[in-house]
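Below is one structure; the comments refer to it alone.
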Amino acid sequence: MPLVTLSQALSIAEENNIGIGAFNIGNYESLKAVMDVAVEEKLPVIIQIYNRLFNDNKARDFSALVKVMAKNVDIPIVIHLDHGKTMDQIERAVQYGFTSVMIDASELPMEENIDMTRKVVAIAHEKNISVEAEIGRLLPKGTVDCDNFLTVPEEAKYFVEQTGIEALAVAIGTAHGVYKETPFIDIERLKKIKSLINIPVVLHGGSCTPHDVVQQSILAGIRKINIATELHQAYIDGIAIQSEIHKNKFSPIDVFNIPVVEKMKEIVRLKMRVFAMRS
């Protein structure tokens, strides 16, 4: 089926009180793992292309591949620019046929973040493309003073009112990468934010966040959960295993990669089922 916008996918999540997995892919194998599981589980999925992949033609090529693969399945699929930092990245995502973009100006002062986000909304909405933005920042490793990073509910309300975005990424205690300690996720802060805004809320740093906490956040209003680290680590681990098995002997790349894809599919399936409240 044709690609859908982020707004359309999140409407499905809202109707069913579930979260949708947003998976950062980096090659054909990671894309295939995500697409295969989404089809098997009959769940919508968000394919994320990180801003780094706009440094060359990878984002362009992946967008073409996603569109071809989507034509052969009947599940809602979004192709989304993750953590867009520049107007050039936004404009190229629009040109490549992305159905959703994220502008991350969260490190700027509030009014500058609003101003840049408004510019992105104007460009994207002209092409019926959804916009995600961010307020607050994920915790750097070793952070003690969380209040200087977490999203302030009243500021979230103001930001949404001033920008016209479709989804808001909030900082409630998650971090990118692997946790050394069990994180404290501020569910009460999330509930307060959700009570003040009328759009879906996004959880970044979903990898390694305890599943029970993720499900609590979904019940409190999270509709999109970003996953990168665990998927990429599964690929690296799979490659290491296959390299040992095939050491000093020839193996066609496509055959070599079959178990690697299966290893990634295990992670994707687990996450999708957790987000869909199936486990």
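Every number in this text was worked out from the coordinates using simple rules, so none of it is lab data. What you are looking at is a predicted structure, and each value in this text was computed from that prediction instead of being measured. All Cβ positions, even for glycine, are placed from backbone atoms using ideal geometry, and neighbour counts span all protein chains on display.
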Along the positive direction of the dipole of the chain (beta-carbon charges: Lys, Arg +1; Asp, Glu -1; about the Cα centre), which of 163, 258, 240 reaches farthest? 258
So who's got an amide H within less than 5 Å of the one on residue 170, skipping anything under 5 residues away but keeping other chains? H placed 1.01 Å off N, in plane. 202, 204
Would you mind computing, in nm to one decimal, how far apart the modelled labels at residue 108 and residue 58 are, each placed 7 Å from Cα along Cα→Cβ? 2.5 nm
Among 76, 53, 101, pick out the residue whose Cα is farthest towards the positive end of the charge dipole of the stretch 49-126, where Lys and Arg carry +1 and Asp and Glu carry -1 on C-beta, about the Cα centre. 76
Asserting the computed 222 nm helical MRE of the chain (DSSP H runs at least 4 long, -39500 (n - 2.57) per run, divided by residue count, to nearest 500) equals -15500 deg cm²/dmol
Radius 14 Å from Cβ of residue 217, net charge of other residues (Lys, Arg +1; Asp, Glu -1): +4
Within the chain, longest stretch clear of exposed trypsin sites (Lys or Arg not before Pro) (DSSP loop, no more than 14 other Cβ within 10 Å): 181-246
Take 116, 35, 272, 1 and order them by how many other Cβ atoms sit within 10 Å, fewest up front. 1, 116, 35, 272
Counting Lys +1, Arg +1, Asp -1, Glu -1, what net charge surrounds residue 129 among other residues with beta carbon under 13 Å of its beta carbon? -2
Plugging the Cβ-Cβ distance of residue 17 and residue 258 into 1/(1 + (r/R0)^6) at R0 = 41 Å yields, to the nearest 0.05, a FRET efficiency of 0.70
Could you give the dipole magnitude of the chain about its Cα centre, charging the beta-carbon of Lys and Arg +1 and that of Asp and Glu -1, in debye to the nearest 20? 640 debye
Starting with the fewest neighbours, write out 184, 256, 275 ranked by other beta-carbon atoms found within 10 Å of each beta-carbon. 184, 256, 275
What pairs from 71/263; 119/157; 42/157; 85/224; 119/271 go past 22 Å between their alpha carbons? 71/263; 42/157; 119/271
Taking H as built 1.01 Å from N, whose amide H comes closer than 5 Å to the amide H of residue 105, not counting residues under 5 places away? 134
